[in-house]
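This report refers to the structure that appears directly beneath it.
Every read-out reported here was derived from the displayed coordinates using simple, explicitly stated rules and does not represent laboratory data. Treat the numbers as computed from the prediction; the structure is a model and nothing was measured. For neighbour counting, all protein chains shown are included, and Cβ atoms are generated from backbone atoms with ideal geometry for every residue, glycine included.
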Amino acid sequence: MSLRSSSGNPVTGKPAGGPADRRLVPRKRKNFLGPQPLGLLFSAPYVIYVLAVLAFPLGYAVYISFHDFFFTAPRVKVDRPFVGFDNYIAVLSDPAVQRSFLNIGVFLIINVPLTVGLSLLLANALNRITRFKTFFRLSYYVPYVTASVAVVGVWLFLFQQNGLLNTLLGPLAPTPSWLVNSWLAMPTVALYVTWKQLGFFILLYLAALQNIPDELYESAAVDGGNKWVQFWNITVPGVRPASVLVTLLATITGANLFTEPYLLTGGGGPDGASASPVFIMYQRGLLQGNPDVAAALGVVLVIGVLLIALIQKRLVGGKED
Amino acid sequence: MSVTNAQNAKNDDDASRRPEPAEPVLRPDLGVEKRRNLGVGSFILLCVGAFVFLFPFYYMLIGSLQTAPDTSIFGAFPNPANITGANYVQINESINLFRGLLNSGIFTGGVILFTVIFGLLVGYALAQMKFRGRGVVFGMMLLVQMIPFQLLLIPLYVMIVRDYGLADSYLGMIMPFAINSTAVFVFRQYFLQLPSTLFEAARIDGASELRILWQIAIPLVRPAIVTAVLLTFIGPWNEFLWPFLVTKEQSLQPLAVSLANFISNIAGQAGNPFGAILAGACVLAAPAVALFIFFQRQFISTNIGSSVKG
């Protein structure tokens, strides 16, 4: 995915200063770095930042995951032997980790289709409305721009044992209540995240919907296609690239889940039923002092997300590529 | 709410007028344009959506003002007999709200500062300067946005907290977010829309690249800066996991972290725990929501062609 996008771009892979600098010794030095070599200097802070704070840790994570690594005081030299796949074996045979992957699976099965469906429906309606457009748009984005920690407070209040939701449901209220019920805790977290992130995905779909030419709808209307026919045959295929992106981003966000199980269900409760892999990483790595195992878990998680993303791209993206 | 509503409706009118000036006057539903003709079902869908999205925020405010938590249906309406500001006092005693806001502000402000300064530099270079390795930098910027944060969590913690000893410091908080690559991308896109002849002319006139950037390019992309600041703001202001790992000392914690600690540890001891939590939530949410409502135009419009020309 990433490889394709970088090589497919006309800007990339084409360093300046090709055939122009032929045999002209005084100009060669200047042209070797291109007509505006100062651009290198302008890019330097960003490049150094990316290499030091993002690229290096990426490799470091893999290094940690293959060694017997533990926390030490700064500048203390200790021996950290290479242990092969030991950390990976520890991760994959850990029942808590297995449970967390199951949980994140449940989460994604609920969250991703719901996100794609609802954000497309709402964006489609929002795209056609002319009055109050800004009001609706704004109201959908508000949860997205608000801190999860803040909104979690309200959800706790709404979903507690004798909260407003259970009051409204009356005898239909589940026992035990939503967030302390081992069957409902993860679905509730998934619903919460869908609600919280939907505005962002509506934004993506709105941009994609602008690119569908009006003529398509007009000719479909002339041919007698009703709204649903138009929606399925014009809108859905028209926004397919956006759907791929939405699916991918929703999956990545879902795999990063931490705040919600930590706060909403009080640390992945009940009994680990809503623990996410990142929450287990935090537990194993920082609370219990096993950064090597946690790093291995991170690598496994990322590989898992990549695999899911590839499958999703096939399913959602159709046969075009 | 009604004030903002009216204001929005007004904004909405000029917003919808701009992109389609050629549209005939007989705009309202004459069946000419089938697509614009919004069905009742869609309108109800939008209304239900708006209710579902806004109600929790309304309930947050109401709940933060209740003397005793009222979870009955009547609790969703303001009740003069049950209104108090005590929850705000209560939360302020447990976690210093001002200190939390200040820390959030420094954390967020630092990230925005680094992003704007270095982002503008690299964004301009990528869009309007030709130099060896530009493609590599561009590809790097795209790839970086795909790096999952969970993979960096442990190594960054080891490096920043253990090796560099930056635990409980603003720099340690800021570092992993310092230059937002999405904002860099936004800058590049905006600079790319400016005609390159403008910059070539300035170069021929002997202006230095820094001067071109400062005096010509940046004034032309002011909307880009607002967009990028908004985009960048959401990240650190709302971020919980990283500052939570880095700051153990309460006087340095951003509000999101101290409120989360209150929710998970201390809330039980408060007289009206939910009231206090919701009061803290309102304080944390208010700046982001206000900023966003104020600048919503910049956040939404992706095409700024007209503002560049104007």
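Just a few scattered comments:
- FRET efficiency estimate (nearest 0.05) - Cβ-Cβ, B:Q145 to B:L198, R0 35 angstrom: 0.75
- When chain A is treated as a Gaussian network with alpha carbon springs shorter than 10 Å, the biggest mean-square fluctuation among A:G272, A:G238, A:G254 belongs to A:G238.
- For the listed peptides B:241-250, B:205-214, a ranking on the average number of other beta carbons within 10 Å per residue, highest first, reads B:241-250, B:205-214.
- Across peptide B:277-289, the average count of Cβ atoms from other chains found within 10 Å of a residue's Cβ is 5.
- With the largest listed first and rounded to whole Å, the semi-axes of the equivalent ellipsoid of segment A:30-151 from the Cα gyration tensor are 41, 33, 15.
- Our note on the geometry: Cα centres of segment B:81-110 and segment B:217-245, 22 Å apart.
- Going by neighbour counts of Cβ atoms within 10 Å, the residues A:S93, A:S219 line up, fewest first, as A:S93, A:S219.
- Relative contact order, percent, segment A:88-317 [alpha-carbon distance under 8 Å, six or more residues apart]: 30 percent
- In this rough spin-label picture, where each label sits 7 Å from Cα along the Cβ direction, the A:Q288-A:N211 distance is 4.6 nm.
- Residue-averaged 222 nm ellipticity for the protein assembly as shown, from DSSP H runs of 4+ at -39500 (n - 2.57), nearest 500: -19500 deg cm²/dmol
- Gyration tensor verdict on segment A:89-211 (Cα atoms; rounded if a/c is under 1.5, prolate if a/b is larger than b/c, oblate otherwise): oblate
- For segment A:103-130 and segment A:203-250, distance of Cα centres in Å: 14 Å
- Mean projected area of the Cα convex hull of segment A:208-321, taken over all directions, amounts to 10.1 nm².
- Shown here are the Rg and Dmax of the Cα trace of segment A:88-317, at 20.1, 67 Å.
- Between segment A:161-193 and segment B:154-197, the alpha-carbon center distance in angstrom: 39 Å
- Here B:I91, B:I160, A:I308, A:I89 are placed in order of increasing Cβ neighbour count within 10 Å, fewest first, which gives A:I89, A:I308, B:I160, B:I91.
- Charge sum, other residues only, whose C-beta stays under 14 Å from B:L284's C-beta, Lys/Arg counted +1 and Asp/Glu -1: 0
- Applying D = kT/(6 pi eta Rh) to segment A:87-126, where Rh is the Kirkwood radius over alpha-carbon pairs, T corresponds to 25 °C and eta to 0.890 mPa s, the Stokes-Einstein value obtained is 203 µm²/s.
- Fewest neighbouring Cβ atoms within 10 Å first, the residues A:R128, B:R203, A:R314 line up as A:R314, B:R203, A:R128.
- The radius of gyration of the Cα set in the protein assembly as shown, together with its Dmax, comes out at 26.0, 89 angstrom.
- Each Lys and Arg Cβ is given +1 and each Asp and Glu Cβ -1; about its Cα centre, chain A then shows a dipole of about 1360 debye.
- FRET efficiency estimate (nearest 0.05) - Cβ-Cβ, A:Y63 to B:W214, R0 51 angstrom: 0.75
- Measure of compaction for segment A:271-315 (Cα Rg per 2.2 N^0.38 Å): 1.37
- Förster-model FRET efficiency, 51 Å R0, A:L306 and B:I73, C-beta, rounded to 0.05: 0.60
- Only one residue of A:P174, B:G139, B:A76 has its Cα farthest out toward the positive end of the dipole of the protein assembly as shown, where Lys and Arg carry +1 and Asp and Glu -1 on Cβ, and that residue is B:G139.
- Legend: mean number of C-beta atoms from other chains within 10 angstrom of residue C-beta atoms, peptide A:54-62, equals 6.
- Remark: for residue pairs A:K313/B:K248; A:K196/A:K313; A:K313/B:K130, the C-alpha separation exceeds 30 Å in A:K313/B:K248; A:K313/B:K130.
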